[in-house]
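Input: a single structure, listed below in structure tokens.
The values are calculated or read from the model by the stated rules, or taken from the named source; none is laboratory data. What you see is a predicted model, and the numbers here were worked out from it, not measured in a lab. FYI the Cβ positions are ideal-geometry reconstructions off the backbone, even for glycines, and counts take in every protein chain you see.
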Amino acid sequence: MFTSHLGEIAALTTAFCWTVSSTSFEVAGKKVGSLSVNLIRLVFAFVFISGYNFFTRGMILPFDASSSTWFWLLFSGLIGFVLGDLFLFQAFVEVGSRISQLIMSIVPPITAILGFFLLGEKITLMAGLGMVVTLGGIALVILMKDPGEKKVKVSHSIKGLIFAFLGACGQASGLVLSKFGMGTFDPFAATQIRIIAGIFGFIIVITFLKGWGNLHLALKNRQAMKWISIGSVFGPFLGVSLSLFAVQLAPTGVVSTLTSITPILLIPVAVFGFKEKIRPQEILGAFISLIGVSLLFL
């Protein structure tokens with residue numbers, strides 16, 4: 001069973017990695033700002049993955065990748081790492097993280113649709129059911145509101161909703177483009193190419209927004225740098241590489257659904273790490289999501 005579901009297992013491991021990285025980047029971002037965190041994390045990840053590739057593949061850069069592989073993976077890095085994250089972080093500002101994450105839950109169906117048209121992937125009835133159940137559990141958790149909290153009106157946050165939707169499209173497109181460009185190429189080397197695109201993309205963005213002063217201050221913040229280092233290992237290094245390994249072995253829609261359980265995995269982090277209270281609906285949502293995940297393995 002485990003051998004036949006290596007892609008799904010890698011996707012679940014990716015979700016765990018992103019749980020660690022998102023927590024680390026949240027802490028660091030509150031200290032030095034998200035834009036600085038985005039660039040520093042990619043530089044750290046590039047160093048980590050270059051060392052890994054040197055010891056495992058004998059080359060510090062993926063010189064063995066074809067020009068076509070370079071093109072599509074660079075394009076994927078710009079779409080996923082740069083545009084996707086820029087829109088997502090702005091959505092957090094406009095409508096908050098809960099609504100943004102809810103909209104990000106449409107990444108799996110978007111990925112599945114793109115995978116169907118661009119890669120010819122087919123989703124079985126059981127896998128489709130598993131995706132719907134998993135996303136339902138995620139939505140139940142993300143839509144939780146505190147007592148007395150006002151409803152979020154769509155008319156009040158159109159711009160933020162659009163940003164979140166564009167962020168979801170960026171993440172889904174980046175994953176599909178990665179699979180298209182990668183083929184059977186080494187996933188860690190493929191991730192390195194995507195990271196290169198992300199670094200150059202954020203250099204342009206920071207230059208345009210005149211954010212080099214903030215970046216310099218961020219580099220002096222030892223606590224922030226510690227959390228960025230941890231997040232870089234589990235995020236753009238291990239997490240992204242495992243996600244590319246997963247899409248080599250499983251449909252992109254299934255992989256995207258499994259990696260979307262990160263909000264569920266963040267519940268114990270919120271309880272034990274940030275001392276937040278957990279509600280029965282959140283436990284129910286986690287349980288429903290796990291049922292959906294199990295269906296993807298049938």
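A few comments on the model shown:
- Residues satisfying the stated conditions in the stretch 150-170, i.e. closer than 22 Å to ILE264 by Cα, surrounded by fewer than 22 Cβ atoms within 10 Å (Cβ to Cβ) and modelled with pLDDT of 55 or more: LEU161, PHE165, CYS169
- Of the helices (runs of 4 or more DSSP H) contained entirely in the stretch 66-111, those carrying at least 3 residues that are surrounded by fewer than 19 Cβ atoms within 10 Å (Cβ to Cβ) and at pLDDT 80 or above fall at 67-77.
- Going through (1) under 24 Å from ILE261 (Cβ atoms); (2) over 13 Å from the mean Cα position of the chain (by Cα) one by one, LEU12 falls short only on (2).
- The set of residues in the stretch 1-41 that are acidic (Asp, Glu) and free of Cβ contacts under 8 Å to residues at least 12 places away in the same chain contains only GLU26.
- In the set (1) over 30 Å from ILE49 (Cβ atoms); (2) modelled with pLDDT of 80 or more; (3) among the hydroxyl-bearing types (Ser, Thr, Tyr), the condition left unmet by SER173 is number (1).
- Residue within the stretch 266-275 that is in a loop (DSSP other than H, G, I, E, B), at pLDDT below 90 and more than 30 Å from GLY128 (Cα to Cα) present: yes
- Pairs where the first residue, in the stretch 113-135, is aromatic (Phe, Trp, Tyr) and the second is loosely packed, with under 14 Cβ neighbours inside 10 Å, C-beta under 8 Å, 6+ apart: PHE116/LYS122
- Residues of the stretch 1-42 classified as aliphatic (A, V, I, L, M) and either surrounded by fewer than 17 Cβ atoms within 10 Å (Cβ to Cβ) or within 22 Å of PHE245 (Cβ to Cβ) (or both), total: 9
- Each residue in the stretch 43-61 was checked for being surrounded by 21 or more Cβ atoms within 10 Å (Cβ to Cβ) and part of a loop (DSSP other than H, G, I, E, B), and 0 pass.
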